[in-house]
Amino acid sequence: MDNLDKAIQTQLNNIQKKTGMSIKELTTFANKSGLSKHGELRDMFKQKLGLGHGDANTLVHFVLKSGGTHAAQGKSENTILDEIYSGAKAGFRPIHEKLIKEINKFGEFEIAPKKGYVSLRRKKQFAMIGPKTNTRFEVGINIKGLKKNARLNEQPSGSMCNYTVNLTETKEVDSELIAWIKSAFDGAG
């Protein structure tokens, strides 16, 4: 089992513990709801089961066998990264590499590639990195209470990360950004 499969299985195990329902029961619950759209199911899981955005999102992908989780399943990490950083987004690979080099200095963590980004996890996700558009790379940081800063884009409550930082070149991977990610790393473990 590779890191991606382990990360998904760990998250699904935690969802079962949180809800007190097996995956089969959760799938039946979703099917009986009559909802079929991703956003509707995600919101239902959040409202009726009290799941956070990330857990609800992963559960919907699992139930519908869709999205980044299943799109990445069975592929090597390098294959997925080659797909993420292809075409117009290929120029963002050096930003990714520089971030991973710096984050590796913190200690052990899981890299869980999805369809269009990479989730970085300890006991929980602490960051998401990847190209947001053809012209913008995004770092999602999962921590609360960072001091206001022009670079930090605070996200609405319930988002997968509390803050995002937009990058366009490797020199923007600086000590300030790394310190924010380190705080999230420390809080996730």
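The values are calculated or read from the model by the stated rules, or taken from the named source; none is laboratory data. As the structure is a computational prediction, the values presented were derived from the model and not from experiment. Neighbour counts run over all protein chains shown; Cβ positions are idealised from the backbone, glycine included.
When residues of the stretch 146-169 are filtered for being surrounded by fewer than 16 Cβ atoms within 10 Å (Cβ to Cβ) and under 19 Å from PHE106 (Cβ atoms), how many remain?
Within the stretch 146-169, residues that are surrounded by fewer than 16 Cβ atoms within 10 Å (Cβ to Cβ) and under 19 Å from PHE106 (Cβ atoms) number 1.
Suppose the filter is among the acidic types (Asp, Glu), in a strand (DSSP E or B) and outside the structural domain of ASN57 (by TED's automatic domain parsing); does GLU138 pass it? First the steps, then the outcome.
Working: among the acidic types (Asp, Glu): yes; in a strand (DSSP E or B): yes; outside the structural domain of ASN57 (by TED's automatic domain parsing): yes.
Against the criterion (among the acidic types (Asp, Glu), in a strand (DSSP E or B) and outside the structural domain of ASN57 (by TED's automatic domain parsing)), GLU138 qualifies.
Taking the residues in the stretch 105-135 that are among the basic types (Lys, Arg), part of a loop (DSSP other than H, G, I, E, B) and touching a residue at least 40 places away in the same chain (Cβ under 8 Å) as candidates, determine which candidate is surrounded by the most Cβ atoms within 10 Å (Cβ to Cβ).
Checked the stretch 105-135; the qualifying residue surrounded by the most Cβ atoms within 10 Å (Cβ to Cβ) is LYS114.
Could you count how many residues in the stretch 156-189 are within 14 Å of the chain's Cα centre (by Cα) and free of Cβ contacts under 8 Å to residues at least 40 places away in the same chain?
4
With at pLDDT below 85, under 21 Å from GLU138 (Cα atoms) and surrounded by fewer than 17 Cβ atoms within 10 Å (Cβ to Cβ) as the only criterion, which of GLU102, GLU77 stands out?
GLU77
Condition test on ASP55, is it at pLDDT below 90, within 16 Å of the chain's Cα centre (by Cα), under 26 Å from TYR117 (Cα atoms) and not assigned by TED's automatic domain parsing to the domain that holds ASN142?
yes
Which of the residues that make up the stretch 24-50 are in contact with a helix residue (DSSP H, G or I) (Cβ under 7 Å, 6 or more places away or on another chain) and surrounded by 15 or more Cβ atoms within 10 Å (Cβ to Cβ)? Before the answer, list the steps.
From the stretch 24-50, those in contact with a helix residue (DSSP H, G or I) (Cβ under 7 Å, 6 or more places away or on another chain) are 26-27, 30, 33, 35, 38, 41-42, 44-46, 49; that's our starting set.
Residues satisfying the conditions are LEU26, THR27, ALA30, LEU35, HIS38, LEU41, ARG42, MET44, PHE45, LYS46, LEU49.
Filter the stretch 143-180 for residues that are assigned to a strand (DSSP E or B) and among the polar types (S, T, N, Q); which is nearest to LEU49 (Cα to Cα)?
Going through the qualifying residues, I end up with THR164.
State the number of residues belonging to the stretch 19-49 that are within 19 Å of the chain's Cα centre (by Cα) and touching a residue at least 12 places away in the same chain (Cβ under 8 Å).
6
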